[in-house]
Amino acid sequence: MIWIYIRVYPVTQISDISLSSKAFDHLFDHKIDLFDDYMLQMSTMFVELMNGNRQTMDNTFPVLKNDLMVRAANGVKTERVPVWVMRQAGRYLPEFQLFRQKHDFFDICRSPELASEVTLMPIRRFDLDAAIIFSDILVIPQALGMEVQMVGGVGPVLPTPLTKPEDIKTLLKLDIDVEKELDYVMKAITLTRHKLEGKVPLIGFSGAPFTLMAYMIEGGGSKTLAKTKKWLYQYPDESLQLLDELTHVIIAYLVAQVKAGAQLLQVFESNAGFLGPKQFNEFSLPFLNKISEGVKQALNDLKVPTVPMIVFAKDAHMAIESLSHSQYDVISVDWAIEPSRARSLAGNSVTLQGNLDPCALYSDVKQIDLMVKEMVESFGTQRYIANLGHGIYPDVNPDHLAVFVDSVHKYSQTTDI
Ligand code: 1CP
């Protein structure tokens, strides 16, 4: 009996092993598709639990009460569609703006107490099905020795960007101990897991190699990414070398986040849309694949249960099909693709996430409700996680986000599972 339960509900530490009546309903009522994978993964973990040989930092996390996200990501049926929003812990929240008047951006990232406080802000306000740890993709370039400033009204600025391949050696410390250098993120994750009290799962994340490389070369955001793309054309070998180095760091970083308590992972390739198909296949896709394979392999080697992985390659519709054959469990899509098209490219063995236009939240609440209805009808209620097609914008009315979240729940309730 225990074996079957463990297979249906992925647990991430010993305290996750508990049975709710809902869990039993699912157990007996629903057809199970992923039996073999789960058995393998969970039986390994079960043995480890029995041996008291787990690698996680903390075995006393509260029981996860809402596992909709984890189930949807793993392709297990859900009674309603889970919903969370990229950049949900951010500037559109008045309480975050107040917080920012008192604290520097990276001071918040570096303080587990402050970072967990911001992570919980949207969870207290909205009926979300996941939290995402408050941090930024640019903590990696920072850990590698680059200065990163967060300039009000501008965004991130890296005053000393990479300008030539030799800078890789002179400006970057590539042999860092990632777990040590970014231990403040891991501490924030562990603390947040406790403070969440199992209400919803916690997502860890990283920028993908090409997106990080672009910030490191552009020195901030860019409309064209011309400097970065110049590297791809002029120094393809050195570009590949840098991407490979970043990939190793990202794998170590994501593995450490899971060990610290992250229950899902998202990889942001926010700059994918700057690449044509050929360049995407050369400079992005292989590294995205290496990350999902590397993270899952490393966790298996460490006898730490793997967690679902989400990939968001913005504007890279040409990649949806390839990504559906990768180790990612969820493909996040932007608003510029029809849900039905995304599903036909992805096939049925992967979960989709997305994709309302962030600007749709500027509409009145009736329209938002209607657009959510259409979105849920188009994606369907299974193997689907509702989200925006990119991060929420800073001038969105938080009440409109509440309508978005509640409408997802309203239109996706199903008794047919
Ligand atoms: O709520 C959450 O999603 C968690 C926190 C989070 C995440 C996941 C932040 C906080 N940043 C990120 C990821 C991130 N950061 C991405 C990938 C997601 C995406 O594409 O939107 C990117 C590209 C960044 C880089 C970044 N950091 C930008 C974009 C700049 C640009 O012009 O391209 C900006 C504006 C930031 C700053 C930032 N990060 C996060 C917040 C809340 C803020 C605002 C900073 C402030 O308070 O002034």
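The values are calculated or read from the model by the stated rules, or taken from the named source; none is laboratory data. Keep in mind that what you see is a predicted model, and the values were worked out from it rather than measured. Note that each Cβ is placed from the backbone with ideal geometry, even for glycine, and that neighbours are counted across all protein chains shown.
Assorted remarks:
Rundown of residues vs (1) touching a residue at least 40 places away in the same chain (Cβ under 8 Å); (2) outside any helix (DSSP H, G or I), yes/no style:
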site	(1), (2)
223	no, yes
229	yes, no
237	no, no
242	yes, no
254	yes, no
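- When 117, 79 are screened for being of a type in the set (Asp, Glu) and either within 15 Å of the ligand (Cβ to nearest atom) or at pLDDT below 95 (or both), only 117 passes.
- Residues that are away from the ligand (no atom under 13 Å from the Cβ) and touching a residue at least 12 places away in the same chain (Cβ under 8 Å) occur in the range 83-93; there is at least one.
- Among the residues of the range 94-112, the ones that are more than 11 Å from the ligand (Cβ to nearest atom) and either closer than 21 Å to residue 397 by Cβ or within 21 Å of the chain's Cα centre (by Cα) (or both) come to 6 in all.
- Only one of the listed residues (217, 291) is over 24 Å from residue 163 (Cβ atoms), in contact with a helix residue (DSSP H, G or I) (Cβ under 6 Å, 6 or more places away or on another chain) and either modelled with pLDDT of 95 or more or within 12 Å of the ligand (Cβ to nearest atom) (or both). That residue is 291.
- Answer from 127, 175, 136 - the residue that is in a loop (DSSP other than H, G, I, E, B) and either within 12 Å of the ligand (Cβ to nearest atom) or among the hydroxyl-bearing types (Ser, Thr, Tyr) (or both): 136
- For the range 289-301, the count of residues that are in contact (Cβ under 8 Å) with a residue 12 or more places away in the chain, in a helix (DSSP H, G or I) and buried (at least 24 other Cβ atoms within 10 Å of the Cβ) is nonzero.
- Taken together, the residues in the range 256-288 that are more than 24 Å from residue 168 (Cα to Cα) and either charged (D, E, K, R) or in a loop (DSSP other than H, G, I, E, B) (or both) amount to 6.
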